[in-house]
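K.L.:
Starting off with a structure, shown below.
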Amino acid sequence: MSTIRTAETSSRLRCIVCGATPGSAGQDFRCTTCGDLLEFFFPGWTSNQDPPAFDPAALKSLWLNRRTSLDALDQSGVWRFRELLPHIPNPEEHVITLGEGNTPLYRLPRCARATGVKNLRAKHQGMNPTASFKDTGMTVAASSAHQGGFRWVACASTGNTSASMAAYAARGNMRSLVLIPDGKISWGKLSQSLDYGALTCQLRTDFDGCVRILNELVRQKPVYLLNSVNPYRIEGQKTAAIELMEQLAWEPPDHIIVPGGNLGNSSAIGKALLEMRELKLISRLPKLSIIQAHGANPFYRSVREFGGKKLEPMTADTLATAIRIGNPASWKKALRVLQATGGEVEEVTEVEIAAAKAEIGADGIGCEPASAVTLAGLKKLRRSGFVKSGEAVVLILTGHLLKDPDFTIKFHRGDLFAGTSDAAEAAQTKHLQRVPLVLDANLGAVIAALDAAERNSE
Ligand code: F0G
């Protein structure tokens, strides 16, 4: 078997716009020359290199063998793929892991019938330790903070990043500062950062306002920024795509569909796809499509109205609070992978999101509203002909249903859109609602309910 070289010395930072390659990053992880975002690149990975950086077959079998290892790094669904990540010196001392990754890939038979896409699956990133995809990036970026000797880490968040950061900071004996919009995040997410011991500040602004304050803060205080402008986050989040390809026996699907908020996740998945093709781990690229809520659609508008030439920030509003973002930091990275993979961008309404969430639920898979934009988007991409019935599609579900039970309960009770301008459209989702019944405590009442349900079942 060929030997596997480690990535130890081979990752470098590069500005995505001006190409500058700084030796290290500043507190705000922005290019000191032009102010844009930095990314990691791996100089030894060009496809025409002789000998190639890795033997793809050897790498695949190494990763597979690690699944039976008892080593904590090998058991992590992120660090198992460490050859494709930046190196953290002294990993036994600095890597903070909660056994993230290793998330399931499910078939969605009912959703497949409803969309006419037979080969439809969902990779459930909500099955991570803090119940969202953020953990895969957080383990890498929090470890880098630990390695850098930081006492404080911080993020602005719509709730999932903060929950994840607070957990990883606690595990690594670091303090964490959370900036979240007051009143616009779910209780489930807020409760996580409280329990994990974060200093939690609810600012009277939206997510974009929290980001502005955080950017100022990191220039004045020695806190380590853990938003997805931090390129270590992106590297860790790549592993969702690597793990997905392994689960598909390295046979890429035709389409991968992701929600778009701050656009770090789509950038990460796209980066992984491009790198895997470069390294000959896969032979072709799936099309990566990005779906936004209509009320928080700056990227959709950037692509559709301005051909990706500029992005106009907006005041965002959607019940899918995780993606209530009007000025996405990573839009240029996302644009690049959208174009490189030939993906599409779509927007979906509030009612379409709620209906899609209940449809995914009816397949026995719970997700939070932001994740459900993927199925709602798939329906639109089917109608436009971009996705064909015979193609293989994977939806990336980003957060767990229990992150935002309020949304779910209101939907099933018929309260979610009551009194709003969406009420008429929402009437068409009545067949998806499962209203809880309050009954007297007698057997007859329960049997009557059972019989009525049987008569009404499809
Ligand atoms: N889905 C969920 C459940 C999220 O929490 C987020 C982002 C996204 C999708 C969008 O991912 O930002 O990488 O495009 N949540 C961030 C947070 C912003 O603070 O938790 P993205």
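The values are calculated or read from the model by the stated rules, or taken from the named source; none is laboratory data. None of the values given here were measured: they were computed from a predicted structure. As a convention, Cβ positions derive from the backbone with ideal geometry for all residues, glycine included, and neighbour counts pool all protein chains shown. The accessibility values were calculated without ligands, DNA or RNA, using every heavy atom of the protein model including side chains. Shrake-Rupley method; radii C 1.70, N 1.55, O 1.52, S 1.80 Å.
K.L.:
In the range 317-344, what residues are within 19 Å of A241 (Cβ to Cβ), open to solvent by less than 30 Å² (accessible area, probe 1.4 Å) and assigned to a helix (DSSP H, G or I)?
P.N.:
K333, A334, L335, V337, L338, T341
K.L.:
Which residues, taken from the range 100-128, are within 16 Å of the ligand (Cβ to nearest atom) and either outside any loop (DSSP other than H, G, I, E, B) or β-branched (V, I, T) (or both)?
P.N.:
T103, A122, K123, H124, Q125, G126, M127
K.L.:
It is to be established whether one or more residues within the range 254-268 are surrounded by fewer than 24 Cβ atoms within 10 Å (Cβ to Cβ) and of a type outside the set (G, A, S).
P.N.:
The answer is yes; a qualifying residue exists.
A quick yes/no check of all residues on (1) part of a helix (DSSP H, G or I); (2) polar (S, T, N, Q); (3) within 12 Å of the ligand (Cβ to nearest atom):
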{"position": "S266", "(1), (2), (3)": "yes, yes, yes"}
{"position": "I291", "(1), (2), (3)": "no, no, yes"}
{"position": "G295", "(1), (2), (3)": "yes, no, no"}
{"position": "F299", "(1), (2), (3)": "yes, no, yes"}
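K.L.:
I'd like the full set of residues that are within 13 Å of the ligand (Cβ to nearest atom), outside any helix (DSSP H, G or I) and among the polar types (S, T, N, Q), limited to the range 371-405.
P.N.:
Passing the criteria: only T398.
K.L.:
Looking at G35, G44 in this structure, which one is under 30 Å from L311 (Cβ atoms) and of a type in the set (G, A, S)?
P.N.:
Matching residue, one of G35, G44: G35.
K.L.:
Consider S143 against the criteria (1) among the polar types (S, T, N, Q); (2) open to solvent by 10 Å² or more (accessible area, probe 1.4 Å); (3) more than 11 Å from the ligand (Cβ to nearest atom): it satisfies all of them except one. Which criterion is unmet?
P.N.:
Answer for S143: the failing condition is (2).
K.L.:
Any idea which residue in the range 305-316 is nearest to I16 (Cα to Cα), counting only those that are in contact (Cβ under 8 Å) with a residue 24 or more places away in the chain and open to solvent by 20 Å² or more (accessible area, probe 1.4 Å)? Lay out the reasoning, then the answer.
P.N.:
Pass one, the range 305-316, residues in contact (Cβ under 8 Å) with a residue 24 or more places away in the chain: 308, 313, 315-316.
Narrowing further to those that are open to solvent by 20 Å² or more (accessible area, probe 1.4 Å): 313, 315.
On the way: P313: 20, T315: 26 Å.
The extreme case among them is P313.
K.L.:
Would you be able to say whether some residue in the range 162-172 is under 30 Å from F41 (Cβ atoms), open to solvent by 40 Å² or more (accessible area, probe 1.4 Å) and out of contact with any strand residue (DSSP E or B) (no Cβ under 9 Å at 6 or more places or on another chain)?
P.N.:
yes
K.L.:
Can you tell me which residues in the range 358-370 are surrounded by fewer than 24 Cβ atoms within 10 Å (Cβ to Cβ) and assigned to a loop (DSSP other than H, G, I, E, B)? Talk me through it step by step, then tell me what you get.
P.N.:
Of the residues in the range 358-370, the ones surrounded by fewer than 24 Cβ atoms within 10 Å (Cβ to Cβ) are 358-359, 361-366.
Once the filter is applied, which keeps residues that are surrounded by fewer than 24 Cβ atoms within 10 Å (Cβ to Cβ) and assigned to a loop (DSSP other than H, G, I, E, B), the range 358-370 yields A362, D363, G364, I365, G366.
K.L.:
Here's something else I'd like to know. What's the total number of residues in the range 126-161 that are touching a strand residue (DSSP E or B) at 6+ places or on another chain (Cβ under 6 Å), under 14 Å from Q237 (Cβ atoms) and among the aromatic types (F, W, Y)?
P.N.:
Matching residues across the range 126-161 total 0.
K.L.:
Hey, among L179, L199, L190, which residue is within 13 Å of the ligand (Cβ to nearest atom), free of Cβ contacts under 8 Å to residues at least 60 places away in the same chain and surrounded by fewer than 21 Cβ atoms within 10 Å (Cβ to Cβ)?
P.N.:
L190
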